[in-house]
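Participant: Below you'll find the structure I mean.
The values are calculated or read from the model by the stated rules, or taken from the named source; none is laboratory data. What you see is a predicted model, and the numbers here were worked out from it, not measured in a lab. Note that we place each Cβ from the backbone using ideal geometry, even for glycine, and neighbour counts take in every protein chain shown.
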DNA sequence: TTTCAATTTGCAACCGGTTGCAAAAATGAA
DNA sequence: TTCATTTTTGCAACCGGTTGCAAATTGAAA
């Protein structure tokens, strides 16, 4: 159906190498030849087949984009920036939606079958072992929102979650709260662990302690449920919530109980997602340097 | 680096066709042979290269997923369902983020170079001509959230937006509102036009008229801004908003003005996105039959 | 005009598979 | 055991390109 390289060669009356070369930059072709070829190509509406090309060049310009965060609105922004950034560099994201059931092995194999040039794992709730599986398959991999870890060869880009915890603590102290608490995401997530650690240690330095609790996941419902439970018991003056979507859930819980923020209870979140501005909540603003994340993907 | 078909053939001491056949279902191979091959393949950690295969089979099992809605939270759900649905069928979504600058032609060509098996355009704000460009390139295309249109060969899946408008009108009438208005999305979007048309015609049947206004886009900010302007002038008793994110923006505007919903002003939205439940707003619930949308993508 | 280096071009093999066709092996009936 | 059938296997060509190498062309210097 669609014109192939050979068709163009035939039409232009030249060898197929010549055609191939005019479409490969850096190849040696005379201007005369190039013009002849381009004319024929244009007439036939030809454009080279990427996949066939990748067979010999071993580059597909496809990047596996893996995530399990299809419910956290902040990731819509992440996807937006990623796809944009990749596109601008002539790369294409092959999207993989990781559900709880899918095992790492099969996604690794899948992406290898498509011979992607690299993989971006974007999630803070996946175990480091996951990204490692890709490295073991000799694929360049970047783990965004991950934690700097000992596993070598896995590029990790993200914010310093420990420092985030510290910032939150300092902010609450400055505002004069004396009884503060941490409401984290899933206990197993590295981001939760680190934020908690920073929060607790900074409070400790000020001679304070923090009560700790965890939500089941980074979601509105989980935040709301956790907060409602906390309110029933013995609520603190202010909470540092693991992320914004959790914060908004907590906020909803507080409102349901007839209390107000920040008059009755203080809330401090994390992520600066678009939506946070919507509700006039006072959240710490930590903007992820996504540009740089994408830049790292070019580095590999 | 990675084992190839030939390596496996050599190791198993059989022809390469034999290997190929054991990995192609429906091919004729004896059990004995299959076992021999699988053993060798297993030892070498071999799995067939999809791209090479696609060269002869002409199927890549890749689907272009095109959208320009990377700011409307409801699309996170859409992406989730799409990627899931495609994956379950052994297909992979190649994501294309359409910005205002990217022209249709180039995305068409791009996806042709990757020889995707089909294309899904998921947006209600793109002109029908866009999907048509793919059809012209002889690619199967499904346009979700589009409008049933005259352009042939473009499968369109979506809700009946006219009927949505009617439903909204009936609901508001039932609740006793006598002075209602429509706050739509971008005037050029087919979804906006249809919803308005249904809304207006149903009201007309009841002897009522509706005031009309449009927001610049389906976004929180646009909804808020529009509502604030409307409030300054002569607000209606109740509004039918083009979609949920617009509704929430409008809601925020109303609250800023010190008014309450639904006591002072009624709001009815559309989409049933996850977030809508968060704020105890009363929104019409129209769940898009996404399962069927995905089913249609298999049909092509 | 000849000579020689620098460019440009074509040949042919290869990337990693699939598949039509004919030969070989297995099966079953006589 | 023999012969006709069916099933399994291998050969070789092909999918749509790329690329090392040698031959052909070009251009400038002698």
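Participant: Could you list, in sequence order, the residues of the range B:91-116 that are modelled with pLDDT under 90 and out of contact with any helix residue (DSSP H, G or I) (no Cβ under 9 Å at 6 or more places or on another chain)?
Facilitator: Across the range B:91-116, the qualifying residues are B:100, B:101, B:103, B:106.
Participant: Right, next: Do you know which residues across the range B:81-99 are over 17 Å from the mean Cα position of the chain (by Cα), within 12 Å of chain A (Cβ to nearest Cβ) and assigned to a loop (DSSP other than H, G, I, E, B)?
Facilitator: Matches in the range B:81-99: B:90 only.
Each row is one residue, and each column tells you yes or no for (1) at pLDDT below 85; (2) in a loop (DSSP other than H, G, I, E, B).
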residue: A:228; (1), (2): no, no
residue: A:231; (1), (2): no, no
residue: A:234; (1), (2): yes, yes
residue: A:245; (1), (2): yes, no
residue: A:250; (1), (2): no, no
residue: A:272; (1), (2): yes, yes
residue: A:287; (1), (2): yes, yes
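Participant: Restricted to the range A:62-80, and to residues that are part of a helix (DSSP H, G or I) and at the interface with chain B (Cβ under 9 Å from one of its Cβ atoms), which residue is surrounded by the fewest Cβ atoms within 10 Å (Cβ to Cβ)?
Facilitator: This residue is A:80.
Participant: Pull out all pairs, ordered by first then second residue, where Cβ-Cβ is under 6 Å, the residues are six or more apart or on different chains, the first lies in the range B:54-66 and is more than 25 Å from residue B:99 (Cα to Cα), and the second is part of a strand (DSSP E or B).
Facilitator: none
Participant: Let me ask something else. Considering only residues that are over 16 Å from residue B:193 (Cβ atoms) and at pLDDT 85 or above, look in the range B:144-174 and name the one that is surrounded by the fewest Cβ atoms within 10 Å (Cβ to Cβ).
Facilitator: In this case the residue turns out to be B:174.
The rows are residues; the columns are (1) under 15 Å from residue B:238 (Cβ atoms); (2) touching a helix residue (DSSP H, G or I) at 6+ places or on another chain (Cβ under 6 Å); (3) free of Cβ contacts under 8 Å to residues at least 60 places away in the same chain.
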{"residue": "B:156", "(1), (2), (3)": "no, no, yes"}
{"residue": "B:159", "(1), (2), (3)": "no, no, no"}
{"residue": "B:162", "(1), (2), (3)": "no, yes, yes"}
{"residue": "B:167", "(1), (2), (3)": "yes, no, no"}
{"residue": "B:172", "(1), (2), (3)": "yes, no, no"}
{"residue": "B:177", "(1), (2), (3)": "yes, no, no"}
{"residue": "B:181", "(1), (2), (3)": "yes, no, yes"}
{"residue": "B:185", "(1), (2), (3)": "no, yes, no"}
{"residue": "B:188", "(1), (2), (3)": "no, no, no"}
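Participant: With the condition kept exactly as written, say whether any residue in the range A:42-61 is at the interface with another protein chain (Cβ under 9 Å from one of its Cβ atoms) and away from DNA strand D (no atom under 15 Å from the Cβ).
Facilitator: Looking for residues that are at the interface with another protein chain (Cβ under 9 Å from one of its Cβ atoms) and away from DNA strand D (no atom under 15 Å from the Cβ), one finds none in the range A:42-61, hence no.
Participant: Shifting gears a bit: Out of all the residues in the range A:3-18, which are within 7 Å of DNA strand D (Cβ to nearest atom), assigned to a helix (DSSP H, G or I) and under 16 Å from residue A:45 (Cα atoms)?
Facilitator: A:5, A:6
Participant: Scanning the range B:22-36 for residues that are in contact (Cβ under 8 Å) with a residue 12 or more places away in the chain and within 11 Å of DNA strand C (Cβ to nearest atom), which turns out nearest to the other protein chains (Cβ to nearest Cβ)?
Facilitator: Start the filter on the range B:22-36 by keeping residues that are in contact (Cβ under 8 Å) with a residue 12 or more places away in the chain, which leaves B:22-23, B:33-34, B:36.
From the residues that got through so far, the ones that are within 11 Å of DNA strand C (Cβ to nearest atom) too are B:22-23, B:33.
Details: B:22: 16, B:23: 11, B:33: 23 Å.
Among those residues, the one meeting the criterion is B:23.
Listed here are the residues, each with its yes/no results for (1) at pLDDT below 85; (2) more than 30 Å from residue B:250 (Cβ to Cβ); (3) crowded, with 19+ Cβ neighbours inside 10 Å.
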site: A:186; (1), (2), (3): no, yes, no
site: A:203; (1), (2), (3): no, yes, yes
site: A:261; (1), (2), (3): yes, no, yes
site: A:283; (1), (2), (3): yes, no, yes
